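For reference, the structure discussed in these notes is given below.
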Amino acid sequence: MATVTQLSPAVREKYEPVIGLEVHVQLLTATKVFCGCSTQFGAPPNTNVCPVCLGLPGALPVLNRKAVEFAVLASEALNCQVRETSIFARKNYFYPDLPKGYQISQFDRPLAEHGWIEIPAPNGAAKRIGITRLHLEEDAGKSIHDGFPDSARNTLIDLNRTGVPLAEIVSEPDMHSPQEAFEYLTRLKEIILYTGVSDCNMEEGSLRCDANISVRLQGQEKFGTKAEIKNVNSFRFIRDALEYEIERQIEAIEAGERIQQETRLYNSAEGRTYSMRSKEQAHDYRYFPEPDLLPLVVDAKWQAEIRRNLPELPEARRSRMVAEYGITAQDAQVLTVSRMLADQFEEAAKAAKSPKRVANLVQGELMGRLKAKGLEIEQSPISMKGVAFSADLLEAKTISSKILKDLYDKAFENGEDFPAVYEREKPQQVTDSAAIERIVDEVIAANPKQLEQYRSGKTTLLGFFVGQVMKASKGQASPEMVNELLKKKLDSSK
Ligand SMILES: [Zn+2]
């Protein structure tokens, strides 16, 4: 990774970075925000278009109700106050992929304001990052500069994306390190995914992030001059870009230069940012209320209706799962990585004898194997149901953990779920009662203290004896027979 210079820690610590993030998420409606065109990604260029989204004279926009509901749901999930009456505004600028010459957005009266999300702070506490606003707007088209013949001389325009609904989520400048920005984005994406209003697919552009970054001397109140970093396509790259930019700005200030307010692009291969253009000021857009749309009114009744669709959000869910299943915070973190996985885990955990054991197997046996194969947990050959099934076998001491490990390996080799592998490969059970009896006798003889406790009323020790017998038989004795024989022998001379 390239860095500007070797900035000494002493110099770096003189300054405080100030970071604010603007995130656009594409809302998962079937049709565009002001017309009935499909929003399908990957359709042939310029096929999902009509007079409205092409900006032809006389065409009038009609607001998509679903887009409003999704944006309100996201606002609620981000603890925003939804404004009863918000106003659409025209943001005027010329760009080849913006056929109307303006973008319909919201300006001084956005849909929602004053929200926050919490990110983990180093001391185990949570830090609250403010959300200034969430507003609804339409996307622009796409300019294609390469990947076709003659691309050195021409640019192609695909207008399928014009008019696709976006929620723009603007944070307060509350973040003071690239890591905090990374955490904010991770939490934000997780919350939006839980609400189901966007797929947040960064490769397809359903989640895009611009970062505003400035530095100031520690203790100074006034903000420094900021640079905006645009079009970075992964959270990790945003963190790296911010890291680079902080050093670049500090170095410039230390050298007596002035920071220019500008837009910069990040080159991930080189690990550095480049100046793209000096930043237009907000007033350059000549915002004015959109005359073709009525004010958007989301009254209390509609808001309440939408709020009813709010799912349990990740942070709350983690706390509940820790309390309900006796799992660790780290377990809960892994198991809530998606809403689907959390649902599957909870379903499996409820059915399993020991939810904690299910969580342990996910952490101890599943994650390592997934990592080795480069798979996400959603792609695991062993389902949550399969993990629960194996946990019960372990709990009942039907199989040893050694056998479980072997069966997990086989499941991953064959891409099969655990129950299928178990049915085929399950260890031959020893059902020879004489052989089992011999082991039972040995185990009882070897544990006189436990025997005495059992006989003086501590019958829960049966589990201990079962475990010892199963261990001695290398997990191959029939658990039913072991249970039966043990009971008979332990109880016989009571
Ligand atoms: Zn259209």
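Values quoted throughout were computed directly from the atomic coordinates according to the rules given, and no laboratory measurement underlies them. If you're wondering where the values come from, they're calculated on a predicted model, not measured in any experiment. Heads up, the Cβs are rebuilt from the backbone with ideal geometry, glycines too, and the neighbour counts pull from every protein chain shown.
Brief remarks on what is shown
- Computed magnitude of the charge dipole of the stretch 349-400 (debye, nearest 20; Cβ of K, R +1, Cβ of D, E -1): 120 debye
- Aspartates and glutamates whose Cα lies under 15 Å from that of K350, excluding same-chain neighbours fewer than 8 positions away: E324, D392, E395
- For the Cα trace of the chain, dividing Rg by the Kirkwood Rh returns an Rg/Rh value of 1.11.
- Around the amide H of C80, modelled in the peptide plane, lie the amide H atoms of W116, all under 5 Å away and 5 or more residues distant in sequence or on another chain.
- Interchain or long-range residues, amide H under 5 Å from S198's placed H: L28
- Antiparallel DSSP beta bridges within the stretch 130-263, as percent of all bridges there, nearest 5: 90 percent
- Helix 65-77 and the long axis of the chain differ in direction by around 60°, with both axes built from C-alpha atoms.
- Projecting the Cα atoms of Y184, A211, F235 onto the charge dipole of the stretch 177-235, computed from C-beta unit charges around the Cα centre, puts A211 farthest toward the positive end.
- Computed 3J(HN,Hα) for the stretch 405-418, one whole-Hz value per residue from the Karplus formula 6.51 cos²θ - 1.76 cosθ + 1.60 where θ = phi - 60°, is 4, 4, 5, 4, 4, 5, 4, 6, 4, 8, x, 10, 6, 4, glycine and proline marked x.
- All other residues whose Cβ lies under 14 angstrom from that of A121 are scored, Lys and Arg at +1 and Asp and Glu at -1, for a net of -2.
- The stretch 138-245: GluC sites (Glu not before Pro) falling in loop per DSSP and having at most 11 other Cβ within 10 Å: E203, E204, E221
- When the listed pairs K189/K410; K385/K426; K373/K410 are checked against a 24 Å cut-off, the alpha-carbon distance exceeds it for K189/K410.
- Report summary: the helix-based calculation at 222 nm, which adds -39500 (n - 2.57) for every DSSP H run with n ≥ 4 and divides by the residues of the chain, gives -11500 deg cm²/dmol.
- Of the trypsin sites (Lys or Arg not before Pro) found in the stretch 131-191, those that fall in a DSSP loop while having at most 10 other beta-carbon atoms within 10 Å are R153.
- Karplus-derived HN-Hα couplings along the stretch 237-243 (A = 6.51, B = -1.76, C = 1.60, θ = phi - 60°), whole Hz, x at Gly and Pro: 5, 5, 4, 5, 4, 5, 4
- Radius 13 Å from Cβ of G463, net charge of other residues (Lys, Arg +1; Asp, Glu -1): +4
- Counting only aspartates and glutamates at least 8 places from K489 when in the same chain, those with an alpha carbon closer than 18 Å to its own are D432, E437, D441, E442, E452, E480.
- Assigned charges on the beta-carbon of Lys, Arg, Asp, Glu; the chain dipole about Cα centre (debye): 1120 debye
- Across the stretch 455-462, computed HN-Hα scalar couplings (Karplus, 6.51 cos²θ - 1.76 cosθ + 1.60, θ = phi - 60°) run 6, 8, x, 7, 6, 5, 5, 3 Hz from first to last residue, x flagging Gly and Pro.
- Amide H contacts of D139 (H built 1.01 Å from N, in plane; Pro and chain starts excluded): G163, V164, L166 sit under 5 Å, all sequence-distant by 5 or more or on other chains.
- Considering only T39, V68, V23, the residue lying farthest towards the positive end of the dipole of the stretch 12-74 is T39, judged by Cα position with unit charges set on Cβ.
- Counting only lysines at least 8 places from K226 when in the same chain, those with an alpha carbon closer than 24 Å to its own are K14, K91, K127, K279.
- Qualifying trypsin sites (Lys or Arg not before Pro) in the stretch 301-408, where qualification requires a DSSP coil assignment and no more than 15 other C-beta atoms within 10 Å, comprise R308, K353.
- Formal net charge of residues neighbouring A241 (Cβ-Cβ distance under 13 Å; K, R +1; D, E -1): -1
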